[in-house]
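Student: My questions will all concern the structure given below.
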Amino acid sequence: MKCDHPSVTEGAWPAEALAITDAGRTALAKHRSEVAEKKGRQRSGDQRVIFRRDGDRYIVFLGDDRIGFVRRADNGTWNHVDTTMAHSGYAKTRERAGQLLRRRYERMVREGVI
């Protein structure tokens with residue numbers, strides 16, 4: 001593949017050295033398809049985290065299950081607490097706090113705790 005673009009041919013590298021090989025082109029196409037597949041794939045039973053306001057806090061639901069609550073702290077972060085009151089933490093955004101609660105809830109379900 002030859003390139004006639006002046007910025008490519010003027011430098012120390014000839015255009016032939018910059019040309020992609022067939023193996024490189026195949027590997028790049030494979031990589032791009034894998035990335036696109038991962039982005040498009042969703043987990044089975046994938047549900048969104050839903051926030052419902054309750055005074056100064058938001059109760060977090062996953063489907064019909066209440067998985068915890070989040071509230072804004074004085075320093076601007078979001079404090080999240082799971083339903084068992086055994087785990088809490090802070091996150092920068094409400095959505096991230098919900099993701100962390102969801103991850104904890106799914107792990108507890110896998111382990112048979114709840």
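Student: What's the number of the only condition in (1) assigned to a helix (DSSP H, G or I); (2) touching a residue at least 12 places away in the same chain (Cβ under 8 Å) that Val109 fails to meet?
Tutor: Condition not satisfied by Val109: (2).
Student: Please go through region 49-75 and pick out each residue that is at positive phi and assigned to a loop (DSSP other than H, G, I, E, B).
Tutor: Listed by number, the residues that qualify are Gly55, Gly63.
Student: Next question, about the same structure. Out of all the residues in region 75-111, which are within 11 Å of Val60 (Cα to Cα), out of contact with any Ser or Thr (no Cβ under 6 Å at 6 or more places or on another chain) and open to solvent by less than 30 Å² (accessible area, probe 1.4 Å)?
Tutor: Passing the criteria: His80, Asp82, Ala97, Gly98, Leu101.
Student: Do you know which residues across region 76-103 are over 15 Å from the mean Cα position of the chain (by Cα) and not in a loop (DSSP other than H, G, I, E, B)? Please lay out each step first, then the result.
Tutor: Applying the first criterion (over 15 Å from the mean Cα position of the chain (by Cα)) to region 76-103 yields 76-90.
Trp78, Asn79, His80, Val81, Asp82, Ser88, Gly89, Tyr90 - these are the residues of region 76-103 that are over 15 Å from the mean Cα position of the chain (by Cα) and not in a loop (DSSP other than H, G, I, E, B).
The values are calculated or read from the model by the stated rules, or taken from the named source; none is laboratory data. Here the structure is a predicted model, which means the values were calculated and not measured. We place every Cβ from the backbone using ideal geometry, glycine too, and count neighbours over all the protein chains shown. Please note that ligands, DNA and RNA were not included when accessible areas were found on the heavy atoms of the full protein model with its side chains. Shrake-Rupley method; radii C 1.70, N 1.55, O 1.52, S 1.80 Å.
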